[in-house]
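Q: One structure is given below, represented as structure tokens, and several questions about it will come after.
The values are calculated or read from the model by the stated rules, or taken from the named source; none is laboratory data. Note that the structure is predicted; figures quoted are calculated from it, not measured. Keep in mind that these areas ignore ligands, DNA and RNA; they rest on the heavy atoms of the full protein, side chains included. Shrake-Rupley method; radii C 1.70, N 1.55, O 1.52, S 1.80 Å.
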Amino acid sequence: FIQNSFFPKKELDENIKRELIPMTWDDVIWLSKNGHEIGAHTKNHILLSTLNKNEIYDEIIDAAKIIEKKIKKNVINFAYPFGNINSINADTHELVKTRFKFAFSNIRGNLIDSPNNHFLYRQNIEPLSPIWKIKAIVEGKINIKYKKQRKYANSFLNKNFS
């Protein structure tokens, strides 16, 4: 998945591939037992805005139930797959806001600029990002590229948040 999603045109050496092996359920359970907050993401990392209501429910709610059963705790956080404004629509937003306390986007911006206290902007760092890019992300220098997405999110989500 990581090879196809993040590095589709790059051949990764075996050392890097070993570092990109996903966590196991034992890893997730260990993290949860040791104080880490575990959130939901969907079952298949799919663009939610392309699905009908039943498919959205299956991707979001069923994924959270699977995680809760494994870690034996409630899951209150959700991160939108891809997280850009094109992955969010009224149906996904309505379902997520009724099921989860917080929803994280991949729209870059400061938390205090988020459209409400449920839908939060965040600063995502991709695997193998160079130090100069990480520094620019942390310092907010890339936020300007997301100005239109934030403007749309603020108008759309504030209007539909109650």
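Q: Determine the gain in length on full extension of the stretch His36-Asp13; use 0.36 nm per residue of separation and subtract their C-alpha separation, reporting nm with one decimal.
A: Full extension from His36 to Asp13 adds 5.2 nm.
Q: Among Asp62, Asp27, Asp113, which one shows the highest mean-square fluctuation when the chain is modelled as a Gaussian network with alpha-carbon springs under 10 Å?
A: Asp27
Q: Right, something else. Quick check for you: with a 1.4 Å probe and neighbouring chains kept, what is the accessible area per residue of the chain, in Å²?
A: 64 Å²
Q: Using only Cα atoms, figure out Rg for the chain and give it as a multiple of 2.2 N^0.38 Å.
A: Values: Rg = 16.6 Å, N = 162, 2.2 N^0.38 = 15.2 Å.
Taking N as the residue count of the chain, the ratio is 1.09.
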